[in-house]
């Protein structure tokens, strides 16, 4: 592993931000590898992601952090400093469809996806086997059919996230709605995936509606969870072509493929600190 | 040019359709080059597209047509026989955005798109120059701002299509709604293009809405015009990725690119008799 | 599962093939669902794939097969009759890179990929765990570093394929060359995957060469194994965009993604009888 | 038009580059809109593209340039300052295939492609009509069949570029080889397009070779012209899927589509100063 660090930050835009931040980094003997900054005209916020290493592969010290905090206060900067390649602690939640879970397990285990899966939560037991085989703790948190235990169940979920110190919660086809208060608490660290269509279809059995409408493209969208169901900041989207021959079930299978792919990409970007929140939208420094 | 013919047909599904049709073609000394047939389970309709040539490059005779008509009656077949590569007579309608028109002009003139553009209709004069330079008649059919002359204008449009014996009308960003009666008359021979999004956005300034929502993909859809505005059978769709950096204007430019591309593909498929109507949907034999 | 059957065949082209075959099927009370036929002008061979069901969901009888064999002899047809959705017996071979193996295991177990994995062969032990967890027999067939036992090892591999009656062998990053005689024996039933570039790079460390050349696209290709190494009939290809930022290792990771994707698609097409051999090329009825 | 400026630069990498440059810009009252910097580990060169505006929409003054030149000398920076959206003077060269030329004419005339086409050069007269209709001077510079006048012809081409002060030469299917000396003179400002395949095919009739090999993907590549024919720094690549049904001529048509698309994208990136040269490779700040 290299000794690169990733500094991401955003702040109300003004003259001199980049000069002050990179001036500080220069003073700290930082060697800059990759810089991506962007000033959003709509929100008047400045966003930046800087990858750097310190001379002699030093680790950023307390005084580094403290000095930067002074600049940050001055510029009203929100910032985060991470080690490049360091795995972020992740909880995955799943219900009865495993395509996204399995894809993430595989990428975490075999493919350098920089996440450390510290637990899998499910309201069903279907995936206990594969999860435990992967050496990960499986937390069965059922929701009763009358949903009476839902608040308690969600509370257990939230406590698990806290106790594990997880920085990312991935709803990998978790078919339970996260309550507004928990959505607010998890804002910016909880990713959801859902199907998408052109045109959109409201209500149940969307793939059947898409089939009946004769669409030629189906898609999927990831977003950060907010109290507005499926209206959180979009992270990424992707599509596949379909044809008149595809049955609704085949659309679902293709949709699952897209979901697994776009969710994996979003989790990777999140873990690599490439996504910054810009109000109801995202900045993605690909 | 080869001497291939394209037979397309559809009929209520039953046993023996393909055997009877290809048996007939064998008797007529047809050499089959490409066959694509499909039975739709939802509508119980059988669709087929057969490319063939006759022995010694003969042209299908009257007796060929008459004999097939007997089979067609027996099986309630709707059919069409075309010469492969023969250009279909096409009228293009445009308003003030020329990206689709120009693309079609170029493909027709320089690239073997099998259409013969027999006229361009517009409610504006913007594109008279490029159209007339291409050697095509430009028909300026303005619509008054109070729209009072709209029925008369549409009537002139319809008469032009009739007098030119046009088999295809392409609405290449033609910003006038086709009346229900004309839509019905032109059903299956009038193609429209419009932008598409995931999620959809209703109302004006869709690209601005898409920008505000922070979408990562924009798209376009072609469909056959029906009395249901933008709800006709979908022919094709395509998309492009966009990012947080794209202004609404850049989204529009990208959207124009997609529109030109997907419309050109749809017109080509139509001209090659690859699209068969299946109720509110299309069968596309790519 | 439905009761559809798939008839695929090819033969020297002549007049009347489709009429004779569909006439036979009509006589046998076959209801045709999907037909795709193609006459290749270069090789003068006719290819066809017909999906049908028999009246009352009957199973094709011995007399069905015998009657068709008479037509087949007459027309020099090579044919195969399969039940749609029936899983084909598959042996997967792998060495030390598991991305393709894992993807296939997952699709076979969880996603309706119509293969029945009857064994995994490897010259290394790395993937014994995941394979056995999936309930599949793992056959460790090591090759000594002096390669002296290679013929014997390959013989064991071949015997395993025979004893399991496997219809498909997937070389999922199996880094041993199949001998010409075994390649010939397995022709049309052994699929290999390798990376591909524009331009091509010969020799070792192709991804490093691609990185040094500054390519913007990398790809992968599947083909049927023949005695000509990597020159067998191409089944499918796919690509991903890369950028100046991608290190050789990142290219390799992206390349692995492409390989897994294109191999899965090829195996699916093979299992669905969509691929017919046309000399050194393939016909793919997608 | 906005009052944004684009500063692009590259220099041997060292500590403090970004701090010094953005410190200078801050001092000059520059408001930074978009920053993309990258340190290439292979070549040890630092690359940067900074979009900014000056307070009160001022134009960078002589003293701005002079002050920056001092920093540039100190850091051995090569730099360029451009006004965003300013059209760059472009000469297009073409022979007998017009798909790329026409696409560029259209984008320049109707679509905000930021190029000002100051002349079209051709060794044939085929496109005089469309060029002159577009209000652009057509320079017919024929090459005799014995090629004896080639040096003189190329000299006229080079003189035209000089006299027009063109900053970009686009070889839009110009089938004459540029001499090594002229290639060297035009390094970094002359873009060529050619087809690409996986695998590659050497020699003539590449599309026929690709057809015979049964490839499923064809592509195109743009690069800066260097004395090494077709080996200059790659700018961009793109592909399309093809099938067994595509004749060599259809491959050529599809290839033309790809070429027009990838060339347009490359020219746009060049005009927007998104491409920086990195030895035999390019940095593309998309």
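The values are calculated or read from the model by the stated rules, or taken from the named source; none is laboratory data. It should be emphasised that the depicted structure is a prediction, and the values quoted were computed from it without experimental measurement. Glycine gets a Cβ as well: all are built from the backbone with ideal geometry, and neighbour counts include every protein chain shown.
Just to be sure, is residue A:223 farther than 30 Å from residue B:48 by Cβ, in contact (Cβ under 8 Å) with a residue 60 or more places away in the chain and either more than 10 Å from every other protein chain (Cβ to nearest Cβ) or surrounded by 22 or more Cβ atoms within 10 Å (Cβ to Cβ) (or both)?
Details: farther than 30 Å from residue B:48 by Cβ: yes; in contact (Cβ under 8 Å) with a residue 60 or more places away in the chain: no; either more than 10 Å from every other protein chain (Cβ to nearest Cβ) or surrounded by 22 or more Cβ atoms within 10 Å (Cβ to Cβ) (or both): yes.
No, not satisfied.
In this structure, is residue B:29 surrounded by fewer than 21 Cβ atoms within 10 Å (Cβ to Cβ) and either under 21 Å from the mean Cα position of the chain (by Cα) or on the phi < 0 side of the Ramachandran plot (or both)?
Working: surrounded by fewer than 21 Cβ atoms within 10 Å (Cβ to Cβ): yes; either under 21 Å from the mean Cα position of the chain (by Cα) or on the phi < 0 side of the Ramachandran plot (or both): no.
So residue B:29 fails the test.
What about residue D:92, is it more than 13 Å from every other protein chain (Cβ to nearest Cβ), more than 30 Å from residue A:12 (Cα to Cα) and surrounded by 15 or more Cβ atoms within 10 Å (Cβ to Cβ)? Can you show your working first?
Working: more than 13 Å from every other protein chain (Cβ to nearest Cβ): yes; more than 30 Å from residue A:12 (Cα to Cα): yes; surrounded by 15 or more Cβ atoms within 10 Å (Cβ to Cβ): yes.
The answer is yes for residue D:92.
Please verify whether residue D:281 is buried (at least 17 other Cβ atoms within 10 Å of the Cβ), over 11 Å from the mean Cα position of the chain (by Cα), within 11 Å of another protein chain (Cβ to nearest Cβ) and within 22 Å of residue D:8 (Cα to Cα), treating the condition exactly as stated.
yes
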Extreme residue, modelled with the highest pLDDT, among residues of the stretch A:94-115 that are within 17 Å of the chain's Cα centre (by Cα), within 17 Å of residue A:271 (Cβ to Cβ) and not in a helix (DSSP H, G or I): A:115
Please identify the pairs in which a residue from the stretch B:68-86 that is at positive phi has its Cβ atom under 8 Å from the Cβ atom of a residue that is surrounded by 17 or more Cβ atoms within 10 Å (Cβ to Cβ), counting only partners at least 6 apart or on another chain. B:76/B:11; B:85/B:4; B:85/B:114
Of all residues in the stretch A:240-275 being within 9 Å of chain B (Cβ to nearest Cβ) and in contact (Cβ under 8 Å) with a residue 24 or more places away in the chain, which is nearest to residue A:100 (Cα to Cα)? A:241
Select, from D:154, D:125, D:80, the only residue that is more than 22 Å from residue D:187 (Cβ to Cβ) and modelled with pLDDT of 95 or more. D:125
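Kindly indicate whether any position in the stretch C:159-176 is surrounded by 12 or more Cβ atoms within 10 Å (Cβ to Cβ), within 28 Å of residue C:255 (Cα to Cα) and without any contact (Cβ under 8 Å) to a residue 60 or more places away in the chain.
Step one: list which residues in the stretch C:159-176 are surrounded by 12 or more Cβ atoms within 10 Å (Cβ to Cβ), which gives C:160-161, C:164, C:166-176.
Okay, now just the ones that are also within 28 Å of residue C:255 (Cα to Cα), so C:167-176.
Retained after the next criterion (residues that are without any contact (Cβ under 8 Å) to a residue 60 or more places away in the chain): none.
For the stretch C:159-176, residues surrounded by 12 or more Cβ atoms within 10 Å (Cβ to Cβ), within 28 Å of residue C:255 (Cα to Cα) and without any contact (Cβ under 8 Å) to a residue 60 or more places away in the chain: absent.
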Say whether the condition of being assigned to a strand (DSSP E or B) and in contact with a strand residue (DSSP E or B) (Cβ under 6 Å, 6 or more places away or on another chain) is met by at least one residue in the stretch A:149-168. yes
Looking for something modelled with pLDDT of 95 or more, within 11 Å of chain D (Cβ to nearest Cβ) and under 30 Å from residue D:282 (Cα atoms) - is there at least one such residue anywhere in the stretch C:229-237? yes
Quick test of your reading of the structure: residue D:213 fulfils all but one of (1) touching a helix residue (DSSP H, G or I) at 6+ places or on another chain (Cβ under 9 Å); (2) modelled with pLDDT under 95. Name the failing condition by number. (1)
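Taking the condition facing chain C (nearest Cβ under 10 Å) and either surrounded by fewer than 19 Cβ atoms within 10 Å (Cβ to Cβ) or modelled with pLDDT of 95 or more (or both), does residue B:66 pass? Let's see the steps before the verdict.
Working: facing chain C (nearest Cβ under 10 Å): no; either surrounded by fewer than 19 Cβ atoms within 10 Å (Cβ to Cβ) or modelled with pLDDT of 95 or more (or both): yes.
Considered against the rule, which asks whether it is facing chain C (nearest Cβ under 10 Å) and either surrounded by fewer than 19 Cβ atoms within 10 Å (Cβ to Cβ) or modelled with pLDDT of 95 or more (or both), residue B:66 comes out as no.
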On the basis of being under 22 Å from residue D:192 (Cβ atoms), in contact with a strand residue (DSSP E or B) (Cβ under 7 Å, 6 or more places away or on another chain) and touching a residue at least 24 places away in the same chain (Cβ under 8 Å), does residue D:143 make the cut? no
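Here is a yes/no grid of residues against (1) closer than 17 Å to residue C:194 by Cβ; (2) assigned to a loop (DSSP other than H, G, I, E, B); (3) touching a strand residue (DSSP E or B) at 6+ places or on another chain (Cβ under 7 Å):
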residue: C:232; (1), (2), (3): yes, yes, yes
residue: C:244; (1), (2), (3): no, yes, yes
residue: C:252; (1), (2), (3): yes, no, no
residue: C:262; (1), (2), (3): yes, no, yes
Can you go through C:160, C:141 and tell me which one is away from every other protein chain (no Cβ under 14 Å) and in contact with a helix residue (DSSP H, G or I) (Cβ under 6 Å, 6 or more places away or on another chain)? C:141
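Identify, from the list A:78, A:87, the residue that is in contact with a strand residue (DSSP E or B) (Cβ under 6 Å, 6 or more places away or on another chain), over 22 Å from residue B:245 (Cβ atoms) and more than 10 Å from chain D (Cβ to nearest Cβ).
Details: A:78 fails: over 22 Å from residue B:245 (Cβ atoms).
After ruling out the rest, the residue left standing is A:87.
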Among the residues of the stretch B:203-218 satisfying the criterion of being under 25 Å from the mean Cα position of the chain (by Cα) and surrounded by fewer than 23 Cβ atoms within 10 Å (Cβ to Cβ), which is nearest to the other protein chains (Cβ to nearest Cβ)? B:217
Taking the stretch A:1-26 as the search range and keeping residues that are closer than 17 Å to residue D:13 by Cβ, touching a residue at least 24 places away in the same chain (Cβ under 8 Å) and facing chain D (nearest Cβ under 8 Å), which one is surrounded by the most Cβ atoms within 10 Å (Cβ to Cβ)? A:22
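Condition (residue is within 8 Å of chain C (Cβ to nearest Cβ), buried (at least 19 other Cβ atoms within 10 Å of the Cβ) and more than 30 Å from residue D:34 (Cβ to Cβ)) applied to the stretch D:179-196: is it met by at least one residue?
Here is the first cut: in the stretch D:179-196, the residues within 8 Å of chain C (Cβ to nearest Cβ) are D:196.
Add one more test, that the residue is buried (at least 19 other Cβ atoms within 10 Å of the Cβ), and what stays is D:196.
Narrowing further to those that are more than 30 Å from residue D:34 (Cβ to Cβ): D:196.
The answer is yes; a qualifying residue exists.
From B:118, B:143, grab the single residue that is assigned to a loop (DSSP other than H, G, I, E, B), surrounded by fewer than 23 Cβ atoms within 10 Å (Cβ to Cβ) and at pLDDT 95 or above.
Numbers: B:118 fails: assigned to a loop (DSSP other than H, G, I, E, B).
Of the residues listed, the single one that is assigned to a loop (DSSP other than H, G, I, E, B), surrounded by fewer than 23 Cβ atoms within 10 Å (Cβ to Cβ) and at pLDDT 95 or above is B:143.
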Just a yes or no: is a residue in the stretch D:183-194 closer than 29 Å to residue D:241 by Cα and modelled with pLDDT under 95? yes
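Among residues belonging to the stretch C:28-41 that are more than 7 Å from chain B (Cβ to nearest Cβ) and touching a residue at least 12 places away in the same chain (Cβ under 8 Å), point out the one that is nearest to residue B:33 (Cα to Cα). Steps first, please.
Just the residues of the stretch C:28-41 that are more than 7 Å from chain B (Cβ to nearest Cβ), to begin with: C:28, C:30, C:40-41.
Still in the running and touching a residue at least 12 places away in the same chain (Cβ under 8 Å): C:28, C:30, C:40.
Working: C:28: 25, C:30: 23, C:40: 8 Å.
My answer is C:40.
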What are the residues in the stretch A:95-111 that are within 30 Å of residue A:60 (Cα to Cα) and more than 10 Å from every other protein chain (Cβ to nearest Cβ), if any? A:108
